[in-house]
Amino acid sequence: MNQDRTPEALTALKPLIRQWGRQLGFSALGFAPIELGNAEAGLMDWLARGFHGDMDYMARHGATRARPVELVPGTASILCARLDYLPRTDAAADPQANLDAPERAYVSRYAVGRDYHKLMRARLRQLAERIALEIGPFQSRPFADSAPVMEVALASHAKLGWRGKHSLLLSRQGSWFFLGELFTDLAFLPDEPEGSHCGTCQACIDLCPTRAIVAPYRVDARRCISYLTIEHAGVIPLELRPLLGNRIYGCDDCQLACPWNHFARPAALPDFLPRNGLDTASLSALFAWSEEEFLGRFAGSAIRRIGHERWLRNIAVALGNAPRHAATVAVLQARLDHPSALLRLHLQWALSRQAENHAESC
Ligand code: B12
Ligand code: SF4
């Protein structure tokens, strides 16, 4: 065991750590500093404009989100990790083909398989154990969208890629990956940040169905389909409902639009392969699930968190957007006695939209 923890000795250890990371399924690892530059100002501006909508947790921790040492005192550097989730093309339907089939449900690629949160943290813990075998015990805390941390800002400081205009982290292998971090009391020297390679391209901004990317690098979450279908518990604004199309859980359009994603590599782990046929399922099949079925089928999936009521609300909107069909009207009507007033409101909208679709086609 080599217990030398000088920055030089830790730098010599980086290639080994990256190798252990690859063995654990990570597609890349990088080392970030504990100072996040202008991220705090960007966060404060975003919050002041109310772009977080009803995600109170984004405002709750204030500046701590941009100050890693306030979250975990003693942190000296942060190991950032990328975990690819795009299912192999031979194991999942083409996302665009699914978006183009209005009777099918579109579930964002990150959610068709297993929930990543625990998986990512468990592997980061394993990585910490492997490092400790080499240098002895040290303090570390793993996070994956599980604490007030600015993951994209950290990863962009750790040479894992650059921030795309859709605000996600982008690399030469695209953006279909999760981010996670290991806060450590080891003073690794930070990696050099990678410059942007977006140039004048703004396909993500132009192709966002709801115009949620209000300026480069600025997403008004209140308009984002990901927020509306996952985070937002209430009524989906009337003017945005038609724009959701068949997207019932999250949205990938800004990533599908991005030319860098032509170079994406499929996930190394089988955990993110589609379950429950979510890559091809029809809206009416998913709408028929009882609450019990929803909870049972989504054990171990991120989708379980939104609950059955929100799930049905989202599918009702998508069914309203589907081409007029007597069977669609029938499945919507069959739910009209549901105890949730929120759901009934969206069902009524969907039925009137189905009727409108009919009027247009006459
Ligand atoms: C809240 C949140 C959301 C919200 C808000 C999104 C957002 N852009 O902020 C909603 C629900 C909409 C969302 C959606 C999605 N999310 Co999300 N989300 C988060 C979360 C929890 C926090 C992000 C955050 O801090 N937002 C706050 C704002 C202020 O940060 P920001 O947009 O990055 O803004 C920075 C700059 O753009 C700039 N800025 C912004 N406004 C302004 C204004 C001025 C004047 C200036 C100067 C600068 C500036 O400064 C800010 C600080 O650096 C992170 C996990 C985490 N803990 O970091 C995941 C995370 C970003 N999401 C993720 C994913 C996968 C998604 C979706 C793709 C899911 C989906 N398929 O539906 C979509 C993509 C939508 C999009 N284009 O952003 C991944 C992204 C992985 C990657 N490759 O980067 C993360 C990292 C989760 C994870 N652990 O993997 N998400
Ligand atoms: S996830 Fe969809 S709605 Fe949200 S910013 Fe990207 S393209 Fe727009």
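The values are calculated or read from the model by the stated rules, or taken from the named source; none is laboratory data. Since the model is a prediction, treat every value here as computed from it, not as a measurement. A quick note on method: Cβ atoms are made from the backbone with ideal geometry, for glycine too, and the neighbour counts reach across all protein chains shown.
In the set (1) part of a loop (DSSP other than H, G, I, E, B); (2) more than 19 Å from the chain's Cα centre (by Cα), the condition left unmet by Arg88 is number (2). For the stretch 165-191, a residue qualifies if it is small (Gly, Ala, Ser), within 16 Å of ligand 2 (Cβ to nearest atom) and part of a loop (DSSP other than H, G, I, E, B), and the qualifying residues are Ser167, Ser175. Might you let me know whether the stretch 221-232 holds any residue that is modelled with pLDDT of 95 or more, more than 8 Å from ligand 2 (Cβ to nearest atom), at negative phi and of a type in the set (Lys, Arg)? Yes: the stretch 221-232 contains one or more residues that are modelled with pLDDT of 95 or more, more than 8 Å from ligand 2 (Cβ to nearest atom), at negative phi and of a type in the set (Lys, Arg).
The condition of being out of contact with any Asp or Glu (no Cβ under 6 Å at 6 or more places or on another chain), in a helix (DSSP H, G or I) and either not aromatic (Phe, Trp, Tyr) or not assigned by TED's automatic domain parsing to the domain that holds Ser27 (or both) holds for only one of Ala81, Ala63, Ala101, Ala97, that being Ala97.
Among the listed residues Leu154, Leu186, Leu168, identify the single one that is under 27 Å from Leu240 (Cα atoms), in contact (Cβ under 8 Å) with a residue 60 or more places away in the chain and not β-branched (Val, Ile, Thr). Even if it seems obvious, please write down each step before you answer.
Details: Leu154 fails: under 27 Å from Leu240 (Cα atoms); Leu186 fails: under 27 Å from Leu240 (Cα atoms).
Unique residue meeting the criteria: Leu168.
Out of Cys198, Cys204, Cys224, one residue alone is of a type outside the set (Val, Ile, Thr) and touching a His at 6+ places or on another chain (Cβ under 6 Å). It is Cys204. The number of residues in the stretch 128-141 being under 14 Å from Leu186 (Cα atoms) and touching a residue at least 40 places away in the same chain (Cβ under 8 Å) comes to 9. Evaluation of Cys198 against the conditions (1) among the hydrophobic types (A, V, I, L, M, F, W, C); (2) surrounded by fewer than 18 Cβ atoms within 10 Å (Cβ to Cβ); (3) more than 11 Å from ligand 1 (Cβ to nearest atom); (4) under 24 Å from Gly42 (Cβ atoms) shows that the sole unmet condition is (2). Between a first residue in the stretch 213-238 that is more than 19 Å from Met44 (Cβ to Cβ) and a second residue that is of a type in the set (Phe, Trp, Tyr) and buried (at least 20 other Cβ atoms within 10 Å of the Cβ), which pairs have beta carbons less than 6 Å apart while being 6 or more apart in sequence or on different chains? As it stands, the answer is Thr229/Tyr249, since those pairs meet every condition given. Residue count for the stretch 223-247, restricted to those that are within 11 Å of ligand 1 (Cβ to nearest atom) and either not assigned by TED's automatic domain parsing to the domain that holds Arg88 or not in a helix (DSSP H, G or I) (or both): 3. Considered as a group, the residues in the stretch 303-362 that are within 22 Å of Asp100 (Cα to Cα) and among the basic types (Lys, Arg) include one that is modelled with the lowest pLDDT, and that residue is Arg324. Entry remark, the stretch 271-321: residues being hydroxyl-bearing (Ser, Thr, Tyr), surrounded by fewer than 18 Cβ atoms within 10 Å (Cβ to Cβ) and touching a residue at least 24 places away in the same chain (Cβ under 8 Å) number 2 in total.
For the stretch 192-205, the set of residues classified as more than 10 Å from ligand 2 (Cβ to nearest atom) and free of Cβ contacts under 8 Å to residues at least 60 places away in the same chain consists of Glu192, Pro193, Glu194, Gly195, Ser196, Cys198, Gly199, Thr200, Cys201, Gln202, Ala203, listed by residue number. As for the stretch 41-56, it holds at least one residue that is aromatic (Phe, Trp, Tyr), under 23 Å from Gly161 (Cβ atoms) and in a helix (DSSP H, G or I).
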